[in-house]
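Some notes on the structure that comes next.
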């Protein structure tokens, strides 16, 4: 059977489509929290996320920042953390309140970045480490502990992980197609990087599927070697006859 493949735009590299991956897994699976696309964590990065969104000098309130980030990244996120971080940044003098335009909702206070905030963001961006240098790998961390469980638990866990990732990859694939349509309709002056971001996430999902398949093969080979070793120890040849040699 010829398997379907997909090509990431701007990359030209074919990889199995998420539809094909789901068909290989044998079931649609359930959404699980462990392997879902992670939301932003850590207040340290959040402060620079807010400063970066305000870096162009346009005043915005928390809800507008949330919508802006979702449009750029395709990642769902709540507006509450933006409002909390804006208040903290204002106390540090990195952002300041701005006047609400006529007709705007008075309950939403816009903020603009200060010169100190712009300088802080630029220094952080210039001096920050490679974003992946300290990236946590929850999938590998969980996989390292699998061998301690019963084989049936290991098999069921790998199945669930694979199905979860395949479903997540399918959602990314659909979002990527929508993002390409949006980019084609965008004016030439607008920079719209979301298709590239989603293409990267899709590659990660595909790599995770391949890792799980390789892990399963390695685990099954290890289990077969253990079973063969036990059989060998229990056979007469493995145990030895136990009788003493006859002396002349």
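Values quoted throughout were computed directly from the atomic coordinates according to the rules given, and no laboratory measurement underlies them. Just so it is clear, the structure is predicted and the values come from calculations on it, not from any experiment. Counting neighbours? That spans all protein chains shown, and the Cβs are built from the backbone with ideal geometry, glycine included.
Some notes on this structure:
- For the range 43-127, the direction-averaged projected area of the alpha-carbon convex hull comes to 5.6 nm².
- Once the gyration tensor of the Cα atoms in the range 101-201 is diagonalised, the equivalent ellipsoid follows with semi-axes of 40, 23, 16 Å, ordered largest first.
- Annotation: peptides 197-203, 211-217, ranked by per-residue average of other Cβ atoms within 10 Å with the highest first, follow the order 197-203, 211-217.
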